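The values are calculated or read from the model by the stated rules, or taken from the named source; none is laboratory data. These numbers were taken from a predicted model, which means no experiment stands behind them. Here Cβ is always computed from backbone atoms with ideal geometry, including for glycine, and neighbour counts include all displayed protein chains. The area values use the complete protein model at the heavy-atom level, side chains included, leaving out ligands, DNA and RNA. Shrake-Rupley method; radii C 1.70, N 1.55, O 1.52, S 1.80 Å.
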Amino acid sequence: FNPSLRLARLRAARTAAGAEHAGRPSDPALEFSVLRITESVPDPWVVSPGLAFAIPLSGRLQAGRDLAGAEQRAAVALAAEAEWAVWRDVRATWIEWSAARLRAGETEQVAAAMEELVRTAAALADRGEIPHTEASLLRVEKARLESRLRHWRGEADALEQQLRGLMGLAPGAPVELVPAIAMPVEGRVSGEAAEGPAAIEW
């Protein structure tokens with residue numbers, strides 16, 4: 001659904017349609033010549049019908065077919081290049097988005113655990129069991145973690161919108177993206193047995 005990729009495919013389809021009809025001689029044309037004689041004659045009008053058609057002798061039709069075929073192959077190659085470019089960008093953006101999501105999740109867990117630690121340290125400081133400076137350091141660390149959490153959440157949201165744009169999905173499309181750092185490089189289809197289902201191996 002990537003917009004630029006769809007446009008490249010449409011261009012390839014257009015050149016394919018043009019190559020299919022390239023190099024054909026022009027259709028025969030029916031011609032009429034009408035002449036009126038100004039002298040005094042019994043029949044002053046002379047009508048001469050004719051049929052005109054092209055005879056391919058110069059090789060231009062074959063050259064036109066070759067040119068259309070070359071343009072079609074070039075358009076298909078450009079479409080394939082665009083597909084690989086989009087796939088590359090999707091993979092790279094997916095890994096970046098996954099890393100931001102996973103970092104946000106880990107930071108959120110640490111910040112949640114830090115919440116109980118900060119409350120415990122504050123209670124100990126109020127009872128005079130630990131210095132207030134140590135309790136303050138824990139509050140500073142908790143604030144730092146919350147700041148990092150907002151950073152990773154914001155980066156993950158921005159990368160997700162970029163990823164949806166690459167895939168041609170609307171921002172609010174009901175699609176759940178699952179983070180994954182280790183992505184397949186190449187795959188092949190194989191069947192374990194003749195009657196068994198085929199499997200994708202990476």
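Summary table
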quantity	calculated
Accessible area in the full protein assembly, largest first, 1.4 Å probe, for VAL140, VAL90	VAL140, VAL90
Estimated FRET transfer efficiency when R0 is 22 angstrom, pair ALA77-ALA173 (beta carbons, to 0.05)	0.10
Inter-site label distance for GLN162 and GLU106 at 7 Å from Cα along Cβ, in nm	2.0 nm
Separation of the ASP89 and HIS151 label points, Cα + 7 Å toward Cβ, nm	2.7 nm
Net length gained if the chain between GLU31 and HIS132 were fully extended (0.36 nm per residue, minus Cα distance)	25.8 nm
Candidate residues LEU10, LEU124, LEU145: accessible-area rank, largest first, probe 1.4 Å	LEU10, LEU124, LEU145
Sites ARG119 and ALA99, calculated FRET efficiency, Cβ-Cβ separation with R0 22 Å, nearest 0.05	0.10
Solvent-accessible surface ranking, highest first, for LEU149, LEU102 at 1.4 angstrom	LEU102, LEU149
